[in-house]
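See below for the structure under consideration.
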Amino acid sequence: MAQATLSVPDISCAHCEKTITQTLAPQAGVKSVRVDIPAKQVHLEYDESQIDLAQVGALLDEEGYPVAATQ
């Protein structure tokens, strides 16, 4: 399992958190998603053999939450 912290500047409220969680959680390979609204970050635990950060970024971008940086 891999872990990543994504910086998503457009996170501002509980609706953002719900949308991001509902978008990522059902994806194959995503083990956990935690959205930190004040920090504007998404903490992700995932299986690199099933999904990669480029795919995660594309999914978030489609929902209107572009990823600014990845740690």
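What follows draws every value from the coordinates through simple rules; no lab data is involved. No experiment lies behind these values; they were computed from the predicted model shown.
Working from Cα positions, state the angle (0 to 90°, nearest 10) between the long axis of helix 14-24 and the longest principal axis of the chain.
20
From the gyration tensor of the Cα coordinates in the chain, what semi-axes in whole Å does the equivalent ellipsoid have, largest first, with each one equal to sqrt(5λ)? Let's see the in-between values first.
Values: eigenvalues 62, 27, 25 Å².
Output for the chain: semi-axes of 18, 12, 11 Å.
Express the relative contact order of the chain as a whole percentage, based on alpha carbon pairs under 8 Å and six or more residues apart in sequence. Intermediate results must be reported in sequence, preceding the final value.
Details: 122 pairs, mean separation 31.7, N = 71.
Relative contact order for the chain comes out at 45 percent.
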